[in-house]
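Only the coordinates and a few stated rules stand behind these numbers; no lab work does. Just so you know, these numbers come straight off a predicted model, no measurement behind them. Ideal geometry is used to build each Cβ from the backbone, glycine not excepted, and the neighbour counts take in all protein chains shown.
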Amino acid sequence: MLLFNAVSFSQQLYNTGHPIDDILQECLTDAENQSAEGNIHCEYKARVAWEKEIEKYYGMLMKNLDDYEKKLLKDSHKSWVIYRDKEMAFAED
């Protein structure tokens, strides 16, 4: 019975969206945003919020890692930013 409750609880955790995704969905379903311009506005707001979220956790990690791990994270993050920027440039074309 305990295992069932633990599985059920974990499923509830994973079935809930992140608040940023919830706000995005709410924005996209708003009648005022049922245009391409409205959708772009919603997506932009979500992207900015996700970038802030990433930076928050990046900063938290950097405070708790040793020098070697910090370098790995910094290099990885830098590579991801380059990828993100190229992906955005591709999407804008």
Using a Cα-Cα cut-off of under 26 Å, which lysines could be cross-linked to LYS71, ignoring same-chain neighbours fewer than 8 residues away?
LYS52, LYS56, LYS63, LYS86
Hey, what do the phi angles of the range 34-40 turn into as Karplus ³J(HN,Hα) couplings, whole Hz, using 6.51/-1.76/1.60 and θ = phi - 60°, x for Gly and Pro?
8, 10, 4, 4, x, 4, 4
In nm, what is the difference between 0.36 nm times the number of residues separating LEU73 and GLN25 and their Cα-Cα distance?
14.2 nm
Net charge near ARG84: determine it from the other residues with C-beta under 13 Å of the C-beta of ARG84, scoring Lys and Arg +1 and Asp and Glu -1.
-2
